[in-house]
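Visitor: This structure is in C-alpha cells; I'll ask about it shortly.
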Amino acid sequence: MAKNTHRGRRSAKADHPSKTCPVCRRPFTWRKKWARDWAQVKYCSKRCAGQGGS
C-alpha cells in the first residue's frame, strides 16, 4: 500500500458544488479545470455537449 505523500489539506469531494447534466441527467461535480468558468459549464462531458440538450 502506498503511503500518502501529499502535504497540506486536500479538499474533500463533498465540499465541491455539483450540477446535473441536462442530457444524461447524471450529477457531476466541480473540477479544477472548470474553476474559471464553472458558471458556464452545462454538460458533464464532451459526449453530452455534442448531443446537445436544453
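Visitor: Just give me the residues in the range 23-40 being farther than 18 Å from residue 12 by Cβ and either in contact (Cβ under 8 Å) with a residue 12 or more places away in the chain or among the aromatic types (Phe, Trp, Tyr) (or both), in sequence order.
Guide: Result: 23, 24, 26.
Visitor: Right, next: Six or more apart or on different chains, Cβ atoms under 9 Å: show the pairs whose first residue is in the range 41-52 and without any contact (Cβ under 8 Å) to a residue 40 or more places away in the chain and whose second is assigned to a helix (DSSP H, G or I) and not aliphatic (A, V, I, L, M).
Guide: 41/34; 42/48; 43/50; 43/51
Visitor: Within the range 16-38, track down each residue that is among the aliphatic types (A, V, I, L, M) and modelled with pLDDT under 95.
Guide: If the condition is that a residue be among the aliphatic types (A, V, I, L, M) and modelled with pLDDT under 95, then 35 is the only one that fits.
The values are calculated or read from the model by the stated rules, or taken from the named source; none is laboratory data. Bear in mind the structure is a predicted one, so any value in this text is a computation, not a measurement. Reconstructed Cβ throughout: ideal geometry from the backbone, glycine too, with neighbour counts over all protein chains shown.
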